[in-house]
Amino acid sequence: MTSPPSAQVAYIWSRELQRVADELPANVGRSSIVHDLVRALGLLDGGDGPDAGEGGGRAGLSAEGFNPVSATGKNEPVAGESERHVAQARGVVVLAPEETLGTPDNLKRYHDADYVDYLLRPRNRGGEDDEYHKNPDDSSGSGSDDLHYSLRDGRARKRLKSSTHGLEHDCPPFPSLARYASLVAAGTVTACRFLINSTRTASACPDGPTPTPPAPAAPVAVHLDGGRHHAARARASGFCYVADAVLGIMHLARAGQGRGGCRPRVMYLDLDLHYGDGVAQAFHSGVRFDDAARGADVDEDESANGVGAQSKRKSKGAAKKRAPQVLTLSVHHSSPVFFPPTTPLSTLPAPDTASPFSLSIPLRAYASPATYYAVWPSVERVRAAFDPDYVVLQLGADGLPADHIGRFGAWHTEREGGMRWCVQQVRAWGLPLCVMGGGGYDHANTARAWALVLSDLVDRPLDATMDVPDHEHYPHYAPSYTLEVAESTAADENPEAYMQEIDDTFKAIAERIKRIVA
């Protein structure tokens, strides 16, 4: 099942984005490995794939990479790029991140202002702050912006701001950090704006529910350098420095359009092996739905799901509560020793959970395609009950075998329940779809998986057994030199009884969601 030929797909890329993403400490060089495989396979050009001749069928490529245009599609220079060619073969367009969407002010729509200012400050070649390293022991006040005082046991203690904001350990600063954060954020918001501009209509919101129209050939935007789902409002975490997914979802909720012109609903689906804690926490609604009807206690705010609220008010009684605009659902590995630490939101929810719009399907070790296939009806029920207008999909590849960070994954690209199959199910919903990258620390397998998924999204499906074309990163694909990801030999530890528990739980939750959003 692949996307209709008439579907329009935007691929978010620029040469500078690829360069700074290659410097990400947890994924050094991955961006080039991923994008160069896409290029070698000819997935975004007008030819017939990797066997197309060098002289023809390459409308979307230059000698050095893709030819992006600005997010507006206008014939104007793209900042940081020399080309401005529209790569629009087979309904595919390569878009450079719109830099105005990654400015400090735009990052501060979600992120704490102090965090943004610290994140974007200039750094030296080692990635550290120039000001601090010029005079680290200066007691005259120079460099004091890097320090703050905290109280512990009644005593003032001096701590580096880098520690306060998480720029240490798994998220060390690096030379291009400021540029990286801006471009990754801009890339995901550019992707979401593409979806909005591709689907906008001029209808008004009617009174009462509106029947869902037949699904059109919905647009898809792909940002493989995005999906940084651990970043918090004021802190980097888990290799993630900027909450690009949160910013993109906020843009859809604010500037998008629901069917009939109503407030749009956005469903965030996270398939990374790690729990998407940053996104889930950002959109965890303060509204408590304590029973199947509507509950009693409400913390209401001015935003879609509580993000960026300036004030709150509490109310009691039976007044109808407005459902959140954003629902988050994370399918992930769960273990007491696995990152991120377990929280109430990351565990299997109770059928009567007070937070039916912040959901998790925690899986045990070595979840195989069979397990993803078994839990997929729960994903479908949630989607049908919430009835979103947009879908944002985080497609981390760290659940594939041989990932040295994931370790507990046994997912695969092929078969029912495999990565390609899951994306095809989401695509079949007929909704505007933003597909982001995420985790994936075996870089060759990550590139293989995302290239295969992309081939389906652009209606040029590839066989996983095909040879990898000869290109700069060809040696990374040893020993098979094919697109096929090796099977896991680990035994799936998700028993049938647990699959049934998940199924029963989400049947009840889906019914509650349906009543709440009605």
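Whole number please: convex hull volume per residue, Cα atoms of segment 381-447, in Å³.
Dividing the Cα hull volume of segment 381-447 by its residues yields 96 Å³.
Take each of the peptides 432-444, 449-461, average the number of other beta-carbon atoms within 10 Å over its residues, and list them starting from the highest.
Ranking, from highest mean packing down: 432-444, 449-461.
Show 194, 506, 239, 339 ordered by accessible area, largest first, where the area counts protein heavy atoms only and the probe is 1.4 Å.
Correct descending sequence by accessible area is 339, 239, 194, 506.
Counting only heavy atoms of the protein chains, get the accessible area per residue of segment 415-518 (1.4 Å probe) and round it to a whole Å² value.
That works out to 40 Å² per residue.
Tell me the accessible surface of residue 472 in square angstrom (1.4 angstrom probe, heavy atoms of protein chains only), to the nearest ten.
Estimated to the nearest 10 Å², residue 472 gives 150 Å².
Express the carbon and sulfur contribution to the solvent-accessible surface of segment 368-471 as a percent, rounded to the nearest whole number, probe 1.4 angstrom.
51
For segment 440-518, take the alpha-carbon Rg, divide it by the Kirkwood Rh, and send me Rg/Rh.
1.21
The values are calculated or read from the model by the stated rules, or taken from the named source; none is laboratory data. Every value quoted in this text rests on a predicted model; they were computed, and no experiment measured them. Because the Cβ atoms are built from the backbone with ideal geometry, glycine has one as well, and the counts that use them run over all protein chains shown. SASA here: full protein model, heavy atoms, side chains in, ligands and nucleic acids out. Shrake-Rupley method; radii C 1.70, N 1.55, O 1.52, S 1.80 Å.
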